[in-house]
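The values are calculated or read from the model by the stated rules, or taken from the named source; none is laboratory data. Not measured: the values here are computed from a predicted model. Here the Cβ is made from the backbone with ideal geometry for all residues, glycine too, and neighbour counts use every protein chain on show. The accessibility values were calculated without ligands, DNA or RNA, using every heavy atom of the protein model including side chains. Shrake-Rupley method; radii C 1.70, N 1.55, O 1.52, S 1.80 Å.
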Amino acid sequence: MSFQAATIAPARTVLSVRNTTVHYGSTLGVHDVSFDIPEHQITALIGPSGCGKSTLIRCFNRLNDLIPGARTQGEIYFYGQNIYAEAMAVDRLRRQIGMVFQKPNPFDHSIYENIAFGARINGYVGNLDQLVERSLYRVGLWDEVKDRLHSRGYDLSGGQQQRLCIARSIAIEPRVLLMDEPCSALDPLATHLIEDLMQELREHYTIIIVTHNMQQAARISDMAAFFNTKTDDRGLRYGYLVEFDTTETIFQEPHEKLTRDYVSGRFG
Ligand SMILES: Nc1ncnc2c1ncn2[C@@H]1O[C@H](COP(=O)(O)OP(=O)(O)O)[C@@H](O)[C@H]1O
Ligand SMILES: [Mg+2]
């Protein structure tokens with residue numbers, strides 16, 4: 001496995017997670033998580049199924065608000081502002097923190113409209129043709145689709161659809177890109193293209209990715225947060241953060257034996 005070179009200057013903190021706990025109804029989803037996510041780096045959330053990776057990543061743009069019964073405690077600061085404060089403008093937060101899901105979910109519209117629609121409703125006043133071209137170009141899709149901009153987004157391959165979804169997210173210039181297992185529905189070549197793209201995008205954005213693929217986490221991330229599950233007194237499983245560090249430390253010399261066992265494939 002190869003690792004990203006360590007960043008020299010200390011990075012600014014984009015998201016500061018403080019004692020964050022999420023319940024679904026009376027069931028604990030993830031318990032008491034605290035760590036800081038640095039700017040312009042790729043932070044990977046790893047750990048076995050059910051350890052709270054999706055729950056936590058959905059906190060960052062308050063997507064759990066849309067799940068009935070979901071309740072978040074603790075604080076999460078986005079450039080110093082608590083995103084769970086009453087005064088937080090959630091629409092604005094979601095413009096600044098874009099999200100890409102496991103299953104590509106283009107709008108049921110043309111390739112062009114997939115980019116233009118979001119920009120338009122977010123009040124974009126520049127030239128839409130240029131924005132569409134620029135956004136598609138940045139995800140390496142322009143040459144592949146420039147002759148069929150008005151065909152449906154759904155007609156693209158899975159990997160192209162995922163790059164279209166990334167293009168749609170970055171068209172509105174967010175500061176953070178959340179990706180929940182963005183490659184798990186893709187073939188190896190499409191996965192490779194998305195991984196390369198992430199390396200380019202991190203110059204402009206902060207990327208947080210959930211992945212169950214250890215090689216992927218080791219290849220692409222700068223920082224890694226390892227989560228695991230515990231059982232509560234009712235025998236129900238919930239997630240917690242075991243260890244957060246540079247990817248190199250997590251994979252080569254983690255502090256916790258549990259982390260070592262997981263990254264070496266002994267469980268999970
Ligand atoms: N929408 C939901 N409703 C109820 N419980 C949920 C929901 N989403 C996740 N959970 C629970 O929260 C815990 C963490 O799940 P999740 O965040 O999906 O983990 P991961 O993404 O690491 O697999 C699990 O116990 C899961 O069953
Ligand atoms: Mg998940």
* To do: Choose one of Val100, Val30, Ala190: the residue whose Cα lies farthest towards the positive end of the charge dipole of the chain (beta-carbon charges +1 Lys, Arg; -1 Asp, Glu; about the Cα centre).
  => Val30
* Structure fact -> Toy charge model, Lys and Arg Cβ at +1, Asp and Glu Cβ at -1: the range 146-215 dipole around Cα centroid in debye, rounded to 20, equals 260
* q = 0.11, 0.12, 0.17, 0.21 Å⁻¹: log10 I(q)/I(0) that the Debye formula gives for the range 10-144, counting C-alpha atoms only -> -0.52, -0.61, -1.07, -1.30
* Sorted largest first, extent of the range 13-263 alpha carbons per principal axis (Å) -> 57, 41, 31
* Structure fact -> Computed about the Cα centre, the charge dipole of the range 65-140 from +1 Lys/Arg and -1 Asp/Glu charges at the Cβ has a magnitude in debye, to the nearest 20, of 120
* Asked: Running Debye on the range 97-212 with equal point scatterers at the Cα sites and no solvent, what base-10 log of I(q)/I(0) appears at q = 0.14 Å⁻¹?
  -> -0.50
* To do: Take every Cα pair under 8 Å in the chain that's 6+ residues apart, average their separations, divide by the length, and report that relative contact order as a whole percent.
  => 27
* Asked: Given +1 on the Cβ of Lys and Arg, -1 on the Cβ of Asp and Glu, and no further charges, what dipole in debye does the chain carry about its Cα centre, rounded to the nearest 20?
  -> 500
* Once the range 157-244 is represented by equal point scatterers at the alpha-carbon sites, with solvent omitted, what log10 I(q)/I(0) does the Debye formula produce at q = 0.21, 0.26 Å⁻¹? -> -1.04, -1.39
* Asked: For the chain, what is the percent of antiparallel DSSP beta bridges, rounded to the nearest 5?
  -> 60
* Asked: What's the angle, to the nearest 10 degrees (0 to 90), between helix 188-201's Cα axis and the longest principal axis of the chain?
  -> 90
* Rounded accessible area of Ser151 (nearest 10 Å², 1.4 Å probe) -> 30
